[in-house]
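Coordinate-derived values only; no laboratory data. Quick caveat, the model's predicted, so the values are computed rather than measured. Cβ coordinates were reconstructed from backbone atoms using ideal geometry, including for glycine residues, and neighbour counts include every protein chain displayed.
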Ligand code: PGA
C-alpha cells in the first residue's frame, strides 16, 4: 500500500498568530478523530508487514517562512508535520531572502515544496533551478514535494504529456528516487490552481498514470509503484474523495482549502478512507 500525503500549502496567507491558531486547530481536530487508532493499536512489526491506511497517511502544513519556528514548536508533539514553501540549493551565503535546508531543519521542517507553479510563473523558477534545489535537498532529511503541471494553453494544444515529461526529466536529472519515503511528485495542472476548477478524476488519473509510467521507465517499476504522486489544484472537501479514489492519486497538495479546518479536515479524512 502506497503512502498518502495530504499537504496544506498556505502560500502568503495568515499572520503568525493566525497561523499558530490554525495549525493547532488542525492538530487537535485530527487528534479528536479515531482515524489513527489502528496505527497506534497495531505493533510496529505488524505495521511493517501489513501497513493499514492509518499507517500510511501523513498530514503536512506549509506555512509562510516567518511562522515556521513558532508553528514548529506548536505542533511538535502532534501528528502534523511541518513543511516550508521553498529552499535554496546552497548551504549558506549571499542569497538575500533565501532559506537553507539547515535553517529549515533547525525549526523542525520535515518537508519542503519545490517548483510550485507560482514560483515558476511569477519568480523565474525553471526546471533547472528545480533540479538544483532537489539535488541539494535529497542529501538532507527533508522530504521534497516537487510540483509539475501544464498550463491551460499546453493542455488545449495537447502538449500535457510533453510538458510533464520535460519537467520530470530535467527536474529529476541526477536524482535517485527511492519510492517509499522519498521524493513526492505533485501533479498540479496550472489551470486548476486557485480557480475552483479542479481536474476531473479521469483527467487526474490519466496524468498520474502517465507520470508513474515515466517514473517506471526512469527508475524501474518497483520504485515507481511505491512513489507518492499527489494531486493539487482546487482540491476541496467536495471533490477530495473522488480524486483520491483514483488508482494513481496518492493524496493532495491543497492551497485555499487548507486555510480552514472545516475544509481541510474532510480532505484528510478522504485520505484515510481510501
Ligand atoms: P489550490 O492551490 O488548492 O488553492 O488550488 C493548490 C496549490 O497551489 O498547491
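Looking only at 157, 101, 78, which one moves most when the chain is put into a Gaussian network model with springs between Cα atoms under 10 Å?
Among 157, 101, 78, the largest mean-square fluctuation in the Gaussian network model of the chain belongs to 157.
How high is the relative contact order of the chain? Use alpha-carbon pairs under 8 Å, at least six apart in sequence, and give a whole percent.
On the way: 526 pairs, mean separation 59.3, N = 274.
Rounded, it is 22 percent for the chain.
Kindly rank 14-20, 245-251 from highest to lowest mean number of other beta carbons found within 10 Å of each residue.
245-251, 14-20
May I ask you to order 230-236, 134-140 by the average number of other C-beta atoms within 10 Å around their residues, highest value first?
Answer by packing, highest mean first, reads 230-236, 134-140.
So how far apart, in nm, are the two label points at residue 209 and residue 90 if each is 7 Å from Cα heading toward Cβ?
4.6
Can you give me the P(r) profile for segment 177-274? Cα pairs, bins 10 angstrom wide beginning at 0, each as a whole percent.
18, 49, 28, 5, 0
Between residue 102 and residue 169, 0.36 nm times their residue separation minus their Cα-Cα distance comes to what?
Stretched fully, the residue 102-residue 169 segment lengthens by 21.4 nm.
Take the Cα atoms of the chain, build their convex hull, and give its volume per residue in Å³.
Working: hull volume 33.6 nm³, N = 274.
Dividing the Cα hull volume of the chain by its residues yields 123 Å³.
Between residue 200 and residue 157, what FRET efficiency comes out of the Förster formula 1/(1 + (r/R0)^6) with R0 = 22 Å and r the beta carbon distance, rounded to 0.05?
0.70
Using alpha carbon centroids, what distance separates segment 1-32 and segment 167-193, in Å?
22
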